[in-house]
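**Q** Starting off with a structure, shown below.
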Amino acid sequence: MFLSVKNTYLYLFLLCLFFSCKKNNTPPVNPNPTTTEFKDLSTISYNPIPVELPVISPLPPMDIPSDNPLTEDGIALGRFLFYDPILSGNEKMACADCHLPKGGFTDNLAVSTGVDGITGLRSSMSLINSGYFTKGLFWDGRIQTLEEQALLPVEDVIELHNEWENVEEKLRAHNDYPARFRKAFGINTTEGITKELAVKAIAQFERSLVSANSKYDQVIRGEAFFEDDELTGFELFFDEPNELPDAECGHCHNAPLFTVNQYFNNGIDSVASLEDFKDKGLGAITNNLFDNGKFRAPSLRNIALTAPYMHDGRFETLEEVIDHYNEGAHFADNIDPLIMTKGLGLSAQHKKDLIAFLHTLTDTSFVNNPAYQNPFE
Amino acid sequence: MKNIIIFLTFSSLLLAASCGKENTNPIDTAKLNLSFRATYGGEALILEQKNYTYKGNPIRFTRINFYVSDMAAVNNDGETELAEIQFINLTETHKTQVDAEQGTVMTFSKVPVGTYNQLKFGVGVPADLNKTNPSDYSTSHPLGADNSGEYWEAWDSYIFAKIEGQFDTDGNGFDGNDISFAYHAGRDNLYSPIKLDNSINLTAGNTTELVFELDIKTLFSFPQGDLIDLESHNPNGHGAENFLIMDNFKRALQLK
């Protein structure tokens, strides 16, 4: 009934032999027959150097996700991927084509055109200080993190129109990228090059795009002074307690980010009912009728560089934007109570002052920073 | 001999660890859920999509949020601090009937057990914190840049409470000729301390649910019961009505 110790060993040996034979009889399965053998990367050094983003007054400390800490090599890899057309289906378009430094990380077009020549519905959003953007990304808030965001354009047919599997394969076979992924994330073979790591690197680069050295910032830090028109514009913007009218800007574009990370119907569309918005914005995501026509209030930092304006680029100049608010917005059942349907009462001089202030939000040291430029040039 | 020494050493260590454990007197704790719900005349308040009656005409609300601070449970042994500062964003939790009946819930997972006879807190941001601004906090902190819309540079103050909406002045349906109102109350002198005398018994391992109801109609009323005249109010001013509204939190916020 009971096996002796000797017999037990014999039994176990036979069992092992049985399974071993069975394994040998099974033909090996290549999980990815089209892929060449994965290369060993373990001989390449992996010494991640953490990067702490400088907290530049008046910006607050940025929340960095614990599963994607910033490193020098991670940011560098993200920068290469951001500017590399390898991500697109025809290898002719990169993330940067819609997010150029000189355009405040927009493309200065009303709406962008993808690799197939298809025009999108919305204007490319600025990525400046996007590490601070919470409560949803894109104009409609459909994505919560920069990592999730970076996944989408690659496979969007009206943007880069590619497949991540295809991108992964090209990156694994690339001369340069395997070593960069190793240095950024410590992977041991090229098998570790995945879309998840690619978007982590891009997100790291995006988090490094911190702009806080505009004239406005310098004034707040006591390093510079506003000119008279800029100061009046500042007072109009933030409704300083004086005789000037309230331009109501700060409610949605408050300092220090110049966005409050929220969604508003700012009265740019005239609709008979909430169902009639051509672009439903947030409502298409939440399926809440009262969210139709609401869009993210963008940051106004570097706003003078990011024309045209609004989610569909309908206004070509800042003057047109201010005229919209000053002349009275279109009423709808969900218009924000702080958007005036009866106008703001700003004079021509007030409007000029306001624009002078908005120009103080331009940070040339940021847009010209070599760390953010195309590494292939 | 060697084994005996090892055995004795190990036994002594175990004994010491055991004695140490017996000397520890862990405080029993309980979980406390506080939910904040907005009502209008006692009825659950739904933002944007539902109209209510105000002085005979339709009114609707689009935004209700406020800060609570220095929240503590009080008994004869003293005060147990629950939270330094919290942002109560009813705007996010009152879009549907179901959500409105749930409200905005704050959870305190380890409150010492016992019987408490008072909850105290302030509506608004206390003066010491109100000297700061969103740049002083991480983005997701209640006073941080995520809520930078709750800081008003011109006042050097957080906005303690926001109540926004529209009032159909002529009763012919909401349109661009009606009143949009935005009561934004801030600055140190509007801080509104509240003490609610209620017996709260927290027992070990159990969860206690407390519900605060904020009646917006009461918030907009004078102590005698008259309602604020929205038509004479500067719809986007930050005037005297704010003093009344902030003081009214004492009457409008009740523990159910």
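**Q** Is at least one residue of region B:124-141 of a type in the set (A, V, I, L, M) and assigned to a strand (DSSP E or B)?
**A** no
**Q** Return yes when B:Asp175 is of a type in the set (Asp, Glu), facing chain A (nearest Cβ under 8 Å) and closer than 27 Å to A:His330 by Cα and no when it is not.
**A** yes
**Q** Tell me whether region A:173-190 contains one or more residues that are in a loop (DSSP other than H, G, I, E, B), modelled with pLDDT of 95 or more, of a type in the set (S, T, N, Q) and touching a Pro at 6+ places or on another chain (Cβ under 8 Å).
**A** Looking for residues that are in a loop (DSSP other than H, G, I, E, B), modelled with pLDDT of 95 or more, of a type in the set (S, T, N, Q) and touching a Pro at 6+ places or on another chain (Cβ under 8 Å), one finds none in region A:173-190, hence no.
**Q** Name the strands (runs of 3 or more DSSP E) wholly within region B:167-256 that hold at least 3 residues that are touching a Ser or Thr at 6+ places or on another chain (Cβ under 9 Å) and not basic (Lys, Arg)?
**A** Hits in region B:167-256: B:179-186, B:200-202, B:207-215.
**Q** Something else: Tell me, yes or no, whether region A:46-58 has at least one residue that is touching a residue at least 40 places away in the same chain (Cβ under 8 Å) and under 22 Å from A:Gln144 (Cα atoms).
**A** yes
**Q** Of the numbered conditions (1) within 14 Å of chain B (Cβ to nearest Cβ); (2) crowded, with 16+ Cβ neighbours inside 10 Å, A:Lys342 fails exactly one; give the number of that condition.
**A** A:Lys342 satisfies all of (1) within 14 Å of chain B (Cβ to nearest Cβ); (2) crowded, with 16+ Cβ neighbours inside 10 Å except (2).
**Q** So which residues in region B:156-167 are within 11 Å of chain A (Cβ to nearest Cβ) and either touching a residue at least 60 places away in the same chain (Cβ under 8 Å) or over 20 Å from A:Ala247 (Cα atoms) (or both)?
**A** Scanning region B:156-167 gives B:Lys162, B:Ile163, B:Glu164, B:Gly165, B:Gln166, B:Phe167.
**Q** For A:Asn334, state whether it is without any contact (Cβ under 8 Å) to a residue 40 or more places away in the chain and facing chain B (nearest Cβ under 8 Å).
**A** Here the answer is no, as A:Asn334 does not meet what is asked.
So that you can scan it fast, the table gives a plain yes or no per residue for (1) aromatic (Phe, Trp, Tyr); (2) within 23 Å of A:Leu127 (Cβ to Cβ):
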{"residue": "A:Pro298", "(1), (2)": "no, yes"}
{"residue": "A:Leu305", "(1), (2)": "no, yes"}
{"residue": "A:Met340", "(1), (2)": "no, no"}
{"residue": "A:Thr360", "(1), (2)": "no, yes"}
{"residue": "A:Asp363", "(1), (2)": "no, yes"}
{"residue": "A:Asn368", "(1), (2)": "no, yes"}
{"residue": "A:Phe376", "(1), (2)": "yes, yes"}
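**Q** Looking at (1) at pLDDT 95 or above; (2) assigned to a helix (DSSP H, G or I); (3) hydroxyl-bearing (Ser, Thr, Tyr), find the lone condition where B:Ser12 falls short.
**A** Going through the list (1) at pLDDT 95 or above; (2) assigned to a helix (DSSP H, G or I); (3) hydroxyl-bearing (Ser, Thr, Tyr), B:Ser12 breaks only (1).
**Q** Would you check if there is a residue in region A:225-246 being β-branched (Val, Ile, Thr) and either more than 14 Å from A:Thr360 (Cα to Cα) or surrounded by 24 or more Cβ atoms within 10 Å (Cβ to Cβ) (or both)?
**A** For region A:225-246, residues β-branched (Val, Ile, Thr) and either more than 14 Å from A:Thr360 (Cα to Cα) or surrounded by 24 or more Cβ atoms within 10 Å (Cβ to Cβ) (or both): absent.
**Q** Kindly indicate which of B:Ser192, B:Ser140 is of a type in the set (Ser, Thr, Tyr), over 29 Å from A:Asp333 (Cβ atoms) and away from chain A (no Cβ under 12 Å).
**A** Just a single option satisfies the conditions, and that option is B:Ser192.
The values are calculated or read from the model by the stated rules, or taken from the named source; none is laboratory data. What you are looking at is a predicted structure, and each value in this text was computed from that prediction instead of being measured. We place every Cβ from the backbone using ideal geometry, glycine too, and count neighbours over all the protein chains shown.
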